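Working notes for the structure below.
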Amino acid sequence: MNSRLRAHGGAAATRRARFPALVWSLLLTGIVLGPAPGAQAAPAPAPSPAPPEPTAGAPFGVRAGLYGLTTLTGGHFGYALKAGARIEDSAVIYNQSDEARTFHLYGADVTHATGGGLAPAQEGQKMTAVGAWLKLDSEATVTVQPKSRATVRFSLAVPDGTPPGSYVGSLVTSLRTPAVSGGVNTETRIARIVELRVPGEADLRVSLTALEHRPSGGGEEFTVTVRNTGNVLYTFAGTLNITGGGSPRTVPLTPAGIYVIPGGTATVTGRLTDLPAVGRLEVTAGVTATVPGGAVKTVNSNTVRLSCFPWLMATLAVGVLLSLGLVLFVTRERRRAWRRCRAEERTALRALRRELRAGHRSADDPREAHAGGTGHP
């Protein structure tokens with residue numbers, strides 16, 4: 001990460017760091033995604049007075065009050081604070097519409113979303129980290145006039161005894177639009193990331209669940225879950241490493257580049273196709289976790305062994321053979337009777353031929369004929 005600006009003597013310190021633009025703009029009837037417009041320019045030595053452009057059609061924009069000085073790029077917030085320290089900052093809300101708008105702000109923890117990635121907790125949920133430590137200095141509701149802006153100040157106080165590590169939260173700004181003609185209310189929410197690092201020994205720990213697999217579309221689909229059991233936020237990428245059945249090869253695990261907060265998990269999958277007709281494969285999942293601007297660690301899962309064999313064709317062949325054997329077994333007595341009948345017919349035919357040959361010989365021999373035709377005097 002970039003260098004951090006720290007206060008001396010244990011005072012609160014802020015920092016400016018590079019961090020991926022994790023932006024959540026959530027609607028009850030849809031989703032608006034994108035960083036705060038106007039925050040894509042290079043950091044300036046002082047906050048830019050120009051309002052951001054609307055975010056993906058949103059009627060308002062939100063920018064860090066000290067953008068360009070102490071906040072993360074993309075209009076987010078980033079701090080390095082010791083346990084027990086406190087920092088103050090602000091957010092600027094721009095009303096892009098032609099009407100006065102009333103906005104609601106609150107701090108939220110960032111949790112691990114289903115299927116991977118991060119998402120801000122819903123208002124009303126119990127906050128246990130940054131969402132609980134972030135306090136607004138004024139009312140949580142502010143009205144901004146058309147084509148105007150308002151600044152909302154807040155403070156972030158880290159409780160004494162907070163363990164070192166990475167903590168991620170968000171400052172959420174919501175706008176509720178009243179229902180029109182019997183429709184439904186819509187609520188647009190833009191969340192600005194608040195990344196907090198409590199200095200101390202970084203503990204990068206990565207563990208994997210057992211690699212599982214199941215048949216899928218003529219191939220095999222593999223699934224593994226990555227667990228962050230350390231105290232630092234990291235992103236990771238993984239592959240399936242396959243040996244056997246030819247040259248070694250790799251298959252990427254998706255989705256890639258997922259952030260996992262301490263205590264969080266993320267599940268990734270990889271699909272193996274072009275399985276050999278006959279042979280054995282060994283498959284292992286490898287995951288490399290990277291702390292932004294910091295340490296890197298690679299871990300491997302258990303090895304899954306696959307035996308490839310044309311079971312369908314073999315089963316069909318065995319079935320045909322068994323059917324043929326069953327037919328032969330059932331018809332064996334009939335075939336035996338048929339063979340006996342044929343043998344008796346052949347025996348009778350041979351006997352008849354012998355008799356016929358014998359009769360022919362008697363008719364052709366005159367002595368036999370004379371002897372047979374004379375009697376005694």
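Readers should treat all values here as calculations from the given coordinates under stated rules, not as data from a laboratory. Everything quoted here is computed from the prediction, not taken from an experiment. Cβ sites come from the backbone with ideal geometry, for glycine too, and all protein chains shown count toward neighbours.
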Can you give the FRET efficiency for Thr229 and Glu333, using 1/(1 + (r/R0)^6), R0 = 45 Å, r = Cβ-Cβ distance, to the nearest 0.05? 0.05
Quick one: which residues, 5+ away or cross-chain, put their amide H under 5 Å from the amide H of Gly78? H built at 1.01 Å from N. Arg15, Leu72, Glu195
For the range 163-174, in order, what is each residue's ³J(HN,Hα) by Karplus, 6.51 cos²θ - 1.76 cosθ + 1.60 with θ = phi - 60°, in whole Hz (x at glycine and Pro)? x, x, x, 9, 10, 10, x, 7, 9, 9, 10, 10
I need the phi-derived Karplus couplings for the range 233-249: 6.51 cos²θ - 1.76 cosθ + 1.60, θ = phi - 60°, integer Hz, Gly and Pro marked x. 6, 8, 10, 9, 9, x, 9, 8, 9, 10, 10, x, x, x, 6, x, 8
Could you rank the peptides 189-199, 136-146 by their average count of other C-beta atoms within 10 Å per residue, with the highest value first? 189-199, 136-146
Convex hull per residue volume in Å³, alpha carbons only, for the range 93-156: 107 Å³
Tell me, what HN-Hα J-couplings in whole Hz come from the Karplus equation 6.51 cos²θ - 1.76 cosθ + 1.60 at θ = phi - 60° for each residue of the range 263-275, using x for Gly and Pro? x, x, 9, 8, 10, 10, 10, x, 10, 9, 10, 6, 5
Which shape class applies to the range 132-291: rounded if a/c is under 1.5, otherwise prolate when a/b exceeds b/c and oblate if not, where a ≥ b ≥ c are the square roots of the Cα gyration tensor eigenvalues? oblate
What does the extension gain come out to for Asn300 and Arg205, with contour length at 0.36 nm per residue minus their alpha carbon separation? 32.9 nm
Going by amide H atoms built from the backbone, whose H comes under 5 Å of the H on Gly230, apart from near neighbours? Arg205, Gly263
Just tell me which aspartates and glutamates come within less than 17 Å, Cα to Cα, of Lys135; anything on the same chain fewer than 8 places away is out. Glu88, Asp89, Asp109, Glu123, Asp160, Glu195
Built amide H within the under 5 Å cut-off of Ser148, gap 5+: Asn95
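Between Ala100 and Lys135, how high is the FRET efficiency from 1/(1 + (r/R0)^6) when r is the Cβ-Cβ distance and R₀ = 30 Å? Nearest 0.05.
Numbers: r = 26 Å, r/R0 = 0.87.
Between Ala100 and Lys135 the formula returns 0.70.
So which of Lys126/Lys297; Lys82/Lys297; Lys82/Lys147 end up more than 28 Å apart, counting from Cα to Cα? Display every interim value, and only then the final one.
Values: Lys126/Lys297 33 Å; Lys82/Lys297 26 Å; Lys82/Lys147 39 Å.
Flagged as over cut-off: Lys126/Lys297; Lys82/Lys147.
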Taking K and R as +1 and D and E as -1, what net charge do the other residues with C-beta under 10 Å from the C-beta of Ala289 add up to? +2
